[in-house]
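Below is one structure, written out as structure tokens; comments come after it.
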Amino acid sequence: MSFILMSNLSTSRFVLTGFPGMEVYYLLFAIPFSTIYAMVFLGNCMVLHVIRTEPSLHQPMFYFLAMLALTDLCMGLSTVHTVLGILWGFIQDISLDACIAQSYFIHGLSFMESSVLLSMSFDRYIAICNPLRYSSILTNDKILKIGVFILCRSSLLISPAIIRLKFLNYCQPHFLSHSFCLHQDLIRMACSDIRFNSFYALALVICTLLLDAVLILASYVMILHTVLSIASREERIKSLQTCVSHISAVLVFYIPIIGLTMVHRFGKHLSPLVHVLMGNIYILFPPLMNPIIYSIKTQQIRVRIQRLFSLNET
């Protein structure tokens, strides 16, 4: 009996939501969404290529940027098949196992991006508040350990809640709120006891996203205190300019998450289209904007990219 139950659960299908009420425009939507995904892949691959091939960029700041670009690239890869699959008419639903796997990658990569942004704020703190010890503190060995810690933290902490999804009984209508699978969507359709998932997910968000945000804010309070103590106005501006890209990346990451959380928590009366739009912004906006931000605001990256395109033209 238990084998039959598990078999039924494994073959459950969940309907993916595209843009409710706008199905006739899917082919029109498919073109800009395909363009956005292409920009996500090309932009982040270009950042990774420039950092890998340019020896002068083999520094802690750019190693962390490479981690951020790799995380954004993986986020795009984890959702492209369902989002574009719906818009191009290739798929309409997803199996339970595939849905759980996608949920694991989406949430795990979100926690990973938050951890990388925290590491980047630590890098900026050391560079501005303790510049003489920067190279001795952030050695290649330390950066490697930080990277391994980020990977383990993001992949292992999310596992208990995601694995538990496999053993829930889904008796509610199998209609997802987005073009991809989220943990909160799956537990909404479950008739089993979901207290563990609810409390664990809440604790995980507090201990990762919220804690990271508080630590990032604290680092910038200390950075601002140090910068304001610098006598020269030019030096103060120069120091703050090195943080502009990171601050922009933090805002690009946290604002969509806060918006999606508010819509899920307090926007039940809103149109399903609003939920879908916020979900797609949460998934696509950071991976799209981060390469643009760092290409424009970081001089070393901008110069190397310009040089790369000039070589291609010749």
Can you find, within the range 71-82, the residue that is nearest to Cys99 (Cα to Cα) among those that are surrounded by fewer than 19 Cβ atoms within 10 Å (Cβ to Cβ) and hydrophobic (A, V, I, L, M, F, W, C)?
Leu77
Under the condition of being among the charged types (D, E, K, R) and under 24 Å from the mean Cα position of the chain (by Cα), which residue from the range 110-161 is farthest from Tyr282 (Cα to Cα)?
Lys142
Total residues in the range 77-98, condition part of a helix (DSSP H, G or I), more than 23 Å from Ile36 (Cα to Cα) and not acidic (Asp, Glu)
2
Which residue pairs have Cβ atoms closer than 7 Å, lie 6 or more positions apart in sequence or on different chains, and pair a first residue in the range 39-53 that is closer than 13 Å to Pro287 by Cα with a second residue that is β-branched (Val, Ile, Thr)?
Gly43/Ile292; Met46/Ile305; Val47/Ile301
Could you check, for the range 245-262, whether at least one of its residues is over 24 Å from Pro291 (Cβ atoms) and open to solvent by 20 Å² or more (accessible area, probe 1.4 Å)?
yes
Inspect the range 217-232 for any residue being crowded, with 16+ Cβ neighbours inside 10 Å and over 30 Å from Phe62 (Cα atoms) and give the result as yes or no.
no
Residues that are in contact (Cβ under 8 Å) with a residue 12 or more places away in the chain and farther than 19 Å from Thr261 by Cα, at least 3 per element: which helices (runs of 4 or more DSSP H) completely within the range 151-214 meet that?
159-165
Filter result for the condition that a residue is among the acidic types (Asp, Glu), open to solvent by 50 Å² or more (accessible area, probe 1.4 Å) and in contact with a His (Cβ under 9 Å, 6 or more places away or on another chain), over Asp123, Asp97, Asp141, Asp93
Asp93
For the range 290-314, which positions are open to solvent by 50 Å² or more (accessible area, probe 1.4 Å) and within 23 Å of Glu113 (Cβ to Cβ)?
Ile292, Ile296, Lys297, Gln300, Arg302
Pairs under 6 Å by beta carbon, first residue more than 18 Å from Ser155 (Cβ to Cβ) in the range 69-83, partner at pLDDT below 95 and not in a helix (DSSP H, G or I), six or more apart or different chains?
Thr82/Leu16; Thr82/Ser179; Thr82/Phe180; Val83/Ser179
Does any residue in the range 84-109 that is without any contact (Cβ under 8 Å) to a residue 60 or more places away in the chain and within 20 Å of Pro160 (Cα to Cα) come within less than 6 Å, Cβ to Cβ, of a residue that is open to solvent by less than 60 Å² (accessible area, probe 1.4 Å) and of a type in the set (S, T, N, Q) six or more places away or on a different chain, and which pairs are these?
Phe105/Ser78; Gly108/Ser154; Gly108/Ser155; Leu109/Thr71
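The values are calculated or read from the model by the stated rules, or taken from the named source; none is laboratory data. Just so we're clear, the structure is a prediction, and the values are computed from it rather than from any experiment. Glycine gets a Cβ as well: all are built from the backbone with ideal geometry, and neighbour counts include every protein chain shown. Side chains are part of the model used for accessible areas, which takes the heavy atoms of the whole protein and leaves out ligands, DNA and RNA. Shrake-Rupley method; radii C 1.70, N 1.55, O 1.52, S 1.80 Å.
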